[in-house]
Amino acid sequence: MARIVAGVSSSHVPAIGAAIDNRQTEEPYWKRVFSGFEKSKAWMEKTKPDVCIVVYNDHASAFSVEIVPTFALGCAAEFPPADEGWGPRPVPVVKGHPQLAAHIAQSVILDEFDLTVVNKMEVDHGLTVPMNLLFGSPKEWPCPVIPLAVNVVLYPPPTGHRCFMLGRAIKKAVESYPEDLRVVVFGTGGMSHQISGPRAGLINSKFDKAFLDNLSKDPKKLVRIPHIEYMREAGAEGIEMVMWLIMRGALDDKVDEVYRFYTVPASNTAVGHIILENRKRAAKAPAKHKRAAARAKVQRVRS
Ligand SMILES: [Fe+2]
């Protein structure tokens, strides 16, 4: 049986990708950001997932404003990096996992989450930047990836509660897949930022840190945050944080926080990152052991 072992959330600031591509990671401004992900890369290297599900948003790269699906699941065999105006990023083509993706699509759609199935899609910085932060810059990505693009660009985006419940449905889908696969789910975007208008440059560290705290301890509190509160407290683009709730919904109720990192600013954005692990589940006792234990209990009662 496949199972989700951990969840990772990370900002996906495009300037982080540009810093990698232009070899600026050792410059003091960027070193502050990249050094926060060194432990995360070591964790990922040790965790070695068989598949990652990366929840992100497309920034008008694969979908123009003419068609914006609320939830779009990448079911293709591969996803090339998108040209975002200055040529595709020099990162490997993302290999998909069409079998597991098709299984998730079937399971969650029958659970009444109407995903758009996407059989051809390019992926932009929303997906490739967190991949770099957790996997570095390898020649090939070390595992297949299932992209899940969420609309947080065109009003109305889904609610935090809807996202959390979709995570729940994804968890159920993964756990009903027969192959033994260890899956890590990424939630990307955020944290507080606003890129235009009179409040451009807004950062709210207090809101971000409370969000990180509740993500591990009390996510039910987060699912009640309405859109207007994200806008007010975390800026217009802070709404991206609803995608973190898909990751959290896909995990067990009780999780262990393995690592977190927060720094401001990167470009004009607060960079937040957290790693949450599901607790190890006790192996189920084989049926014959259970029967023997029941017989012993009966004998104890009779004697
Ligand atoms: Fe974004």
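The values are calculated or read from the model by the stated rules, or taken from the named source; none is laboratory data. Since this is a predicted model, take the numbers as computed values, not measurements. When we count neighbours, we look across all protein chains shown, and the Cβ atoms used for this are built from the backbone with ideal geometry, even at glycine. Just so you know, the surface numbers come from the protein's heavy atoms only, side chains and all, with ligands and any DNA or RNA stripped out. Shrake-Rupley method; radii C 1.70, N 1.55, O 1.52, S 1.80 Å.
General observations
- Sparse-neighbour loop sites [GluC sites (Glu not before Pro); the range 1-80; at most 13 other C-beta within 10 Å; DSSP]: 26, 66
- Residues whose amide H falls under 5 Å from that of residue 53, counting only those 5 or more places apart or on a different chain, are 146, 184, 185, 186, with hydrogens built in the peptide plane.
- Spin-label pair residue 119/residue 258, simplified geometry with 7 Å Cα→Cβ offset, distance in nm: 3.6
- Residue pairs, from the table 220/280; 120/171; 48/280; 48/206, whose Cα atoms sit over 26 Å apart: 48/206
- Amide H within-cut-off set for residue 192, under 5 Å, with H built and near neighbours excluded: 204, 270
- Radius of gyration (Cα atoms) of the chain, expressed as a multiple of 2.2 N^0.38 Å: 1.05.
- Near residue 116, the amide H atoms lying under 5 Å from its own belong to 71, 72, 73; only residues 5 or more places off or on other chains count, and H is placed 1.01 Å from N.
- Phi angles of the range 158-166 translate, via the Karplus equation with coefficients 6.51, -1.76, 1.60 and θ = phi - 60°, into HN-Hα couplings of x, 6, x, 5, 4, 5, 4, 5, 5 Hz per residue; Gly and Pro are given as x.
- q = 0.16 Å⁻¹: log10 I(q)/I(0) that the Debye formula gives for the range 121-226, counting C-alpha atoms only: -1.02
- Atom-type composition of the exposed protein surface of the range 1-74 places 54 percent of the accessible area on carbon and sulfur (1.4 angstrom probe).
- The 3J(HN,Hα) values that the Karplus relation (6.51, -1.76, 1.60; θ = phi - 60°) gives for the range 192-202 are, in residue order, 4, 5, 9, 9, 8, x, x, 9, 3, x, 4 Hz. Gly and Pro appear as x.
- Potential extension, residue 60-residue 280 segment - 0.36 nm per residue separation minus Cα distance: 75.3 nm
- Using a simple spin-label model with pseudo-atoms 7 Å out from Cα toward Cβ, residue 210 and residue 137 lie 3.9 nm apart.
- Candidates per trypsin sites (Lys or Arg not before Pro) in the range 1-110, loop by DSSP, up to 10 other Cβ within 10 Å: 23
- Of all aspartates and glutamates in the structure, those lying under 16 Å Cα to Cα from residue 31, and not within fewer than 8 positions of it along the same chain, are 21.
- Separation of alpha-carbon centers, the range 37-112 and the range 192-261, rounded to whole Å: 21
- Rounded to the nearest 0.05, the FRET efficiency derived from the C-beta distance between residue 220 and residue 111 at R0 = 25 Å is 0.80.
- Solvent-accessible area per residue in the range 3-126 equals 47 Å², computed with a 1.4 angstrom probe and all protein chains kept.
- Chymotrypsin sites (Phe, Trp or Tyr not before Pro) within the range 1-107, DSSP loop, no more than 15 other Cβ atoms inside 10 Å: 86
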